[in-house]
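The values are calculated or read from the model by the stated rules, or taken from the named source; none is laboratory data. No experiment lies behind these values; they were computed from the predicted model shown. Here the Cβ positions follow ideal geometry from the backbone for every residue, glycine too, while neighbour counts run over all protein chains shown. The area values use the complete protein model at the heavy-atom level, side chains included, leaving out ligands, DNA and RNA. Shrake-Rupley method; radii C 1.70, N 1.55, O 1.52, S 1.80 Å.
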Amino acid sequence: MIQLDKQYDPENVEERWIQFWDENRLAHGDETRPGKTFSMAIPPPNITGSLHIGHAFNNTLQDILARWKRMSGFSTLWQPGTDHAGIATQNVVERQLHAEGTTRHDIGREQFIERVWKWREESGGTITKQLRRLGCTLDWERDRFTMDEGLSKAVREVFVTLYEQGLIYKGDYIINWCPRCHTALSDLEVEHEEKPGKLYHIRYRFKDGTGELIVATTRPETLLGDTAVAVNPDDARHTAHHGKTVILPLLGREIPVILDAYVDTEFGTGALKVTPAHDPNDFEIGKRHGLPSINVMDTSARINAEGGAYAGQDRTEARDNVVKDLETQDLLVKIEDHVHKVGHCYRCRTVVEPYLSKQWFVKTKPLAEPAIEAVKSGRIKIVPQFWENTYFNWMENIRDWCISRQIWWGHQIPAWHCNGCETFTVAREDPTACCSCGGTDLIRETDVLDTWFSSALWPFSTLGWPDQTESLKRFYPTSVMCTGFDILFFWVARMIMMGLKFMDDVPFKDVYIHALIRDAEGAKMSKTKGNVIDPLVMMERYGTDALRFTLAAFAAQGRDIKLDEDRIDGYRNFCNKLWNASRFAFMNLEGYDGTCALEKSDERTLADRWILSRLNATIADVECALTQFKFNEAAQAIYKFIWNEFCDWYIELSKSRLFSEGPEKRVAQNVLVHVLEASLKLLHPFMPFITEEIWQKLPAGAEGDSIMTAPYPTPNPENTSIDTESRMNILMGVINGIRNIRGEMNLSPKQTLKVTIHCEVAETLTAIENSSQYIKKLARVEVLHLGNDKEKPKVSATFVDGTIEGHVDLKGLMDFDEEKKRLEKELKKIEKDFININKKLSNVEFIKKAPPEVIDKDRQRLEVLSEKQAKLQTHLETIERAISSLS
């Protein structure tokens, strides 16, 4: 007899199957295998990273797709890899050096880079091990790293090509500068938050002494770099001021009043101070009017020599002193409270400084146009579709991409400055002479490329580009990109631009954007709130399969997930239910010499035909849901089938035949093992470990060495029977009706019942009569009266299901007076709870101060109490009728 342990122990099972899948290379993407292909590239996690719940969610969904497609006969590649994470990784190693009492500047660039590589070898593989632990079937033989030799070659090829085509340039530009990380940030790396601030109204007096302009600003310290005041040419308030000159407060510099349509006439007095070196909009105004750009800060956001008496002061200190001096000189009109958006560095949370600097840029407009068309034409489909509008809005308003970073860890820009002729040589190989003058006094650019530059090439660089490899020919374009909405622009849009530019094809056909995981109350998870759910802890506590299934079951499109640990515990129960059902099946396969294949038979019962029909419908539902990336619908369809239909109904209905010794036993065994195997295969992409453990113990005939490569179930129209399902629904309706009354009336499960069924439809009565043995067994019915002429019991509880009316005889089953007392006591308690909760919810102070989740919980409690009250009231009325009929 095939044996399963009494209880499922994930810890004992999971590591064994991870090793088995690895040793047998079951996840290997074979480019030589003929037929259909399915490929994905993992969003490469940072080498500094550790598996968080977002990683677990994203990679679970990807693994479901990979396992499903692999089982469906596709030559499948899920490409693994990690990102060098420039700023984040450099920060980690710099902290190590700080602890050792030194800095990167002390040890020099070369030695610092060696230290980073050493750290990567020792600690950079943490997340890879954790992804294996999650059961992810990436092709680990193909593991790539954005700084490895092949990807570095691709990065250099792309940079040089874009430079040669005039799409990369170096120039003065207002960039986002982090004074803490000492590097430029792209627009996407700046996170804006609304903050309370101040609006300072400052007098700019006319040179000719005829008056003044009042200018409002949130950053008075930047006036040190003002080179004009602008007014809107259509603003009648300032017609007399056109062409005038004002005196810059504090510094006494003369600056012009200029006309520009950008100025908002509704804001303040309609006069705008123009600081081209410290504001992106002012920079554009300055270019239009040929204004000088005066940079008044250094790279640490301290005032430089251009700031006169304020030189050496930090920007916040300078602000306080500028305001104080403006007040002293009667140049400050007023200060108002003002809420505005402030940009922060996405890494260290320092307030970002708009800063004039020489940087390297990619001209994105020519690259964005075909990327927009690819989505508009349907060559790339974004799911859910509403994200397309966000994509178009961003791409149509795209700014040039600042790709240089002032750090050491990353791809050093392949450009050499010639001290002889002041030009740049950009080359695929390190040059020995200037391409313009032939001089040899060359100095390499010290900046590195934005991490997202190398990531943008990920779908094709990981497959060997710029070499034309077999893998590239076979697996590009990839099939799906599964990612979060937060990197739709950081990464997805850039991959589309680069894929179209260098491969002349889209990088993927579908982009699935998953939602955000929040805590049980809907709040964003954060360490400071203490509401973070650690996937590694959850896997340890409940098993990996339970976590994976929970994440899939709640992955509804466009809706954030409220994740509660109780949910994971609930799906651990699902694992146990499947395990126990499998144990039961194996214990009842004694003497069975068949396989899992469905044998031809004319002896199948209603229950057999019904479970095969339901299996077929479930297979079709799962296939449809997965094709549309509706992971939650697929998971729920499998759950409902296995728990409700297979375990709760079919196994119970088949027990009498399995316990018999006649020919019907063989038929029941065959259907049981066939449905069990199909269920395991349906579930495998979601719960890989428990399904592999059980599948390996199935009778001979299971195809392949692993469920991972067994064929995924496909619908078989021959097994669908609407009539069978209809008849079974009648049977289940009757049994459920009787069971509900037993529960509501608080009747012991051991008590046998007398039931009368009335129905006007002859076919329905026949169906019930033909299945009466099931009703008697599963509902513990001793006497079953059928017909439309049967007398209703004097004291009874009634259920209605469609055209069926059922009556359970209550006479002699309970003490009606005691039951009435119990119900009245219960209803009084509910009434008391109602009063207390309503009192709380009608308290204005409580509603004002209580967190929204507490209020929602109380409202939900009211709904639950209301439902319970209605059920108990109905039960009480039944008891009162019974008492009345007996008196």
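Quick notes on this structure:
- Amide N proximity, segment 844-886 versus residue 832 label position 7 Å along Cα-to-Cβ, cut-off under 15 Å: none
- Separation of alpha-carbon centers, segment 69-84 and segment 113-146, rounded to whole Å: 16 Å
- When each of the peptides 209-215, 155-161, 714-720 is scored by how many other beta carbons lie within 10 Å of its residues on average, the order from highest to lowest is 155-161, 209-215, 714-720.
- Structure-derived volume of the Cα convex hull per residue in Å³ - corresponding label in (i) 159; (ii) 180; (iii) 236: (iii)
- For residue 486 and residue 777, the difference between the fully extended length at 0.36 nm per residue and the C-alpha to C-alpha distance is 99.2 nm.
- Annotation: amide H of residue 76 within the under-5 Å range of 30, 38, sequence separation 5 or more or interchain, hydrogens built in the peptide plane.
- Spin-label pair residue 761/residue 565, simplified geometry with 7 Å Cα→Cβ offset, distance in nm: 4.9 nm
- Amide H contacts under 5 Å for residue 81: 144, restricted to partners 5 or more places along the chain or on a different chain, H placed in the peptide plane at 1.01 Å from N.
- Residue 697-residue 237 FRET efficiency (beta carbon distance; Förster radius 56 Å; 0.05 resolution): 0.05
- DSSP H segments from the chain that extend 30 Å or more along their own axis, Cα-based, with Kyte-Doolittle mean of 0.5 or above: 606-627
- Within segment 133-174: backbone nitrogen closer than 13 Å to the residue 304 label point (7 Å, Cα to C-beta): 173
- Alpha carbon centroid spacing (whole Å) that separates segment 581-633 from segment 366-382: 43 Å
- FRET efficiency, residue 440 to residue 469 (Cβ-Cβ, R0 22 Å, nearest 0.05): 0.05
- Pairs from the list 640/820; 36/153; 118/341; 529/840; 665/811; 811/840 with a Cα-Cα gap above 32 Å: 640/820; 118/341; 665/811; 811/840.
- DSSP-assigned coil residues among trypsin sites (Lys or Arg not before Pro) in segment 598-664, each with at most 14 further Cβ atoms within 10 Å: 600
- Accessible area per residue (1.4 Å probe, heavy atoms of protein chains only) ranks 103, 128, 803, 691 as 803, 103, 128, 691, with the largest value leading.
- Carbon plus sulfur fraction of accessible area for the chain, probe 1.4 Å, in percent: 48 percent
- Ellipticity estimate at 222 nm from DSSP helix runs (n ≥ 4, -39,500 (n - 2.57)) divided over the chain, nearest 500: -13500 deg cm²/dmol
- Virtual paramagnetic centre 7 Å along Cα→Cβ of residue 748, amide N under 20 Å, in segment 757-795: 777-783
- Point-to-point label distance, residue 334-residue 884, nm (Cα→Cβ direction, 7 Å offset): 7.5 nm
- Solvent-accessible surface ranking, highest first, for 831, 388 at 1.4 angstrom: 831, 388
- Sequence-separation-based contact order of the chain, relative, with Cα cut under 8 Å and 6+ spacing, percent: 12 percent
- For segment 746-752, 3J(HN,Hα) per residue [Karplus equation, 6.51 cos²θ - 1.76 cosθ + 1.60, θ = phi - 60°, Hz, x = Gly/Pro]: 6, 8, 5, x, 7, 6, 8
- Most to least accessible of 104, 541 (protein chains only, probe 1.4 Å): 541, 104
- Extension gain from residue 532 to residue 122, taking 0.36 nm per residue of separation minus the Cα-Cα distance: 144.9 nm
- From phi via Karplus (6.51, -1.76, 1.60), per-residue ³J(HN,Hα) for segment 463-478 in Hz, x at Gly/Pro: 9, x, 4, x, 6, 8, 7, 5, 4, 5, 5, 7, 10, 10, x, 6
- Per-pair calculated FRET efficiency, R0 = 45 Å: residue 541 and residue 269 via Cβ, rounded to 0.05: 0.10
- The mean accessible area for residues of the chain, using a 1.4 Å probe and ignoring ligands and nucleic acids, is 45 Å² per residue.
- Annotation for segment 791-835 versus segment 271-290: alpha-carbon center distance of 80 Å.
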